[in-house]
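Everything below concerns the one structure shown next.
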Amino acid sequence: MFHHPDPEVLVVGAGPVGLVAALFLQQLGVRVEVVDMHQRTTQHSYALAIHPRTLRILDEAGLSEGLIRAGRKLTKVAYYEGGERRAEIDYSALASKHPYLLVLRQSLLERAAEEALRQKKVKVLWGHRLESLAADGATLRAKIAKLDQVASGYPIARSEWIVAQTETIRPDYVIGADGYDSAVRRMSGIEMEEHGVGQIFSVYEIEAAGELPAEVRVILDPDLASVYWPLEEGRCRWGFQVRDASDHEASMERLEQLIAERAPWSTVRPTQIYWSTLGLFQRRLTRSFGKGGVWLAGDAAHQAAPVGVHSMNSGLVEARELAARMMRIPRAGGAASLLEEFATETHEAWQGLLDASTPPPTARGARTPAGREVRALPGADSWVRQTGARILACMPASGEDVEPLLRQIGLTAAP
């Protein structure tokens with residue numbers, strides 16, 4: 001199943017985070033293998049936008065040029081309370097090579113990354129499942145099962161997956177990029193912690209007539225959030241936070257009701273529901289991003305509400321960081337503490353983001369990493385003052401881009 005000698009790094013999970021991690025590792029001259037228990041990349045996903053900082057990282061991976069051609073650039077995010085427009089941020093004012101959000105389906109990113117790996121002779125092993133992961137001192141042993149589909153059943157035929165072959169390999173490192181139900185995380189004994197109550201979103205991707213605003217619109221009602229994303233011509237996506245799963249219905253009638261209640265400003269007329277789903281988004285963070293030779297990235301390590309598209313974007317940054325540090329330790333004389341520093345810094349950043357999304361009732365502001373408070377600047381709108389924590393949690397931006405965008409609407413996280 002595997003090339004020999006054993007890979008230096010085994011990446012488990014061929015979503016965007018795992019594929020980009022493998023691409024960076026290959027570029028750095030590291031022997032890498034990618035396994036995924038599924039048979040192909042995702043068709044429908046929640047992740048829909050790439051932050052400016054993430055685009056700069058995808059520049060380094062050699063992916064951004066093609067993705068920009070395939071996606072849609074948006075420069076504005078507007079914040080609404082019901083029918084009233086309360087604030088807007090303008091990405092075109094950023095001092096960045098990419099001063100915009102790129103709206104792009106996750107499947108397109110995955111295909112581009114897999115094709116880049118294929119051109120570099122790195123083949124994704126689809127239908128290969130991590131069966132066990134153990135450490136014998138400093139040596140890792142990963143048992144991989146190749147899955148085959150067979151037909152069975154009489155008189156009604158059905159198909160099932162069986163283990164056709166297994167192989168044990170001994171990589172130096174394993175990157176768990178295998179999603180919210182991560183096998184790598186479970187097998188490593190790394191626990192997840194809850195950070196507040198999960199959020200349920202009713203999602204509709206639709207074809208529509210009428211004016212489709214060319215900007216993201218985030219609706220922050222007193223206890224529920226909603227978001228509108230324009231896609232390609234004549235298509236858009238709505239996401240509505242709901243209190244209970246029973247509030248979701250994949251029907252035109254229910255969609256029109258939600259639009260009327262949450263976005264009375266909308267002139268969008270749905271003509272067809274392309275797909276619809278209900279998603280529970282836990283706010284969870286792993287206690288540790290890794291130990292020894294096993295490290296986590298993306299949804300395997302953290303989960304958040306989908307409005308700001310933080311989990312995937314952060315995961316891509318984590319993929320680059322892990323690849324660079326894993327290369328430096330054996331080849332450039334770097335200390336093993338490089339990975340521990342990554343874990344500490346990334347955990348603090350996520351702790352701040354999740355705390356910002358659930359501030360205590362008596363708090364005057366939201367805390368960011370390093371204990372900084374999101375504060376209102378003099379002259380800030382009263383609604384912005386009161387809603388600053390939620391604005392931050394729903395802002396599709398990361399890294400050094402966050403502060404200048406906050407300042408546009410009278411907020412700051414600077415010390």
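With a 1.4 Å probe and every protein chain left in place, work out the accessible area per residue of the chain in Å², rounded to a whole number.
In whole numbers, the chain has 44 Å² accessible per residue.
To the nearest 20 debye, what is the magnitude of the charge dipole of region 1-149 about its Cα centre, counting +1 on the Cβ of each Lys and Arg and -1 on the Cβ of each Asp and Glu?
Numbers: 21 positive and 17 negative charges, 72 e Å.
In total the dipole reaches around 340 debye.
Largest first, how would THR54, THR168 line up by accessible area (1.4 Å probe)? Please report the intermediate quantities before stating the final value.
On the way: THR54 0, THR168 65 Å².
The most accessible residue leads, giving THR168, THR54.
First compute the accessible area of the chain with a 1.4 Å probe, then give the percent of it belonging to carbon and sulfur atoms.
48
Compute the relative contact order of region 147-278 as a whole-number percentage, counting only Cα pairs closer than 8 Å that sit 6 or more residues apart in sequence.
24
What GluC sites (Glu not before Pro) does region 236-271 have in DSSP loop regions with at most 12 other beta carbons within 10 Å?
Sites meeting the loop and neighbour criteria: none at all.
Defining a contact as two alpha carbons under 8 Å apart and six or more residues distant in sequence, what relative contact order in percent does region 52-117 show?
37 percent.
Over the Cα atoms of the chain, Rg to Rh with Kirkwood Rh, two decimal places?
0.98
Could you sort MET312, MET327, MET395, MET37 by accessible area so the largest value comes first, with the probe set to 1.4 Å? Mind dumping the intermediate values first?
On the way: MET312 25, MET327 45, MET395 0, MET37 100 Å².
Per-residue accessible area, sorted high to low, gives MET37, MET327, MET312, MET395.
Can you compute the modelled spin-label distance between THR166 and GLU345, with each label point 7 Å from Cα toward Cβ, in nm?
In this crude label model, THR166 to GLU345 measures out at 3.9 nm.
Run the numbers on the chain and let me know its relative contact order in percent, using alpha-carbon pairs under 8 Å that are six or more apart. Please list the in-between numbers first.
On the way: 881 pairs, mean separation 76.5, N = 415.
Relative CO of the chain lands at 18 percent.
Which value does Rg/Rh take for region 82-152 over its C-alpha atoms, Rh per Kirkwood?
1.24
Counting only the heavy atoms of the protein chains, how much of HIS302 is accessible to a 1.4 Å probe, in Å² to the nearest 10?
About 0 Å², ignoring ligands and nucleic acids.
The values are calculated or read from the model by the stated rules, or taken from the named source; none is laboratory data. In this text, all values refer to a predicted model and were calculated from it rather than measured experimentally. FYI the Cβ positions are ideal-geometry reconstructions off the backbone, even for glycines, and counts take in every protein chain you see. Please note that ligands, DNA and RNA were not included when accessible areas were found on the heavy atoms of the full protein model with its side chains. Shrake-Rupley method; radii C 1.70, N 1.55, O 1.52, S 1.80 Å.
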